[in-house]
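Asks: Below you'll find the structure I mean.
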Ligand SMILES: [Zn+2]
């Protein structure tokens with residue numbers, strides 16, 4: 001959807017790009033939705049958190065939503081070992 005500019009569900013081409021996904025934390029604090037991976041998952045301490053925010057592409061016709069990591073390289077741990 002991000003690359004094709006077309007909804008895979010209804011084939012509408014009016015796509016709302018790069019919408020920010022608002023998450024609400026405790027105390028109703030708004031923050032951008034993010035995803036994370038952790039280095040040293042077995043460690044009790046010093047789990048190194050790798051995090052990126054997420055943006056959404058939304059079909060203006062049927063409402064279908066696709067999520068994309070803003071910086072996917074940030075959470076990619078495959079290069080480490
Ligand atoms: Zn659609």
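Just so it is clear, none of the values below were taken in a lab; they were calculated from the coordinates. Just so it is clear, the structure is predicted and the values come from calculations on it, not from any experiment. FYI the Cβ positions are ideal-geometry reconstructions off the backbone, even for glycines, and counts take in every protein chain you see.
Asks: Quick one: what does P(r) look like for the chain with 10 Å bins over all Cα pairs, in whole %?
Replies: Reading upward from the zero bin: 17, 33, 30, 16, 4.
Asks: I need the peptides 40-52, 2-14 ranked by packing, meaning the mean over residues of other C-beta atoms within 10 angstrom, with the highest value on top.
Replies: Going from most to least packed, we get 2-14, 40-52.
Asks: Can you order the peptides 18-31, 55-68 by their average number of other Cβ atoms within 10 Å per residue, highest first?
Replies: In descending order of packing, they fall as 55-68, 18-31.
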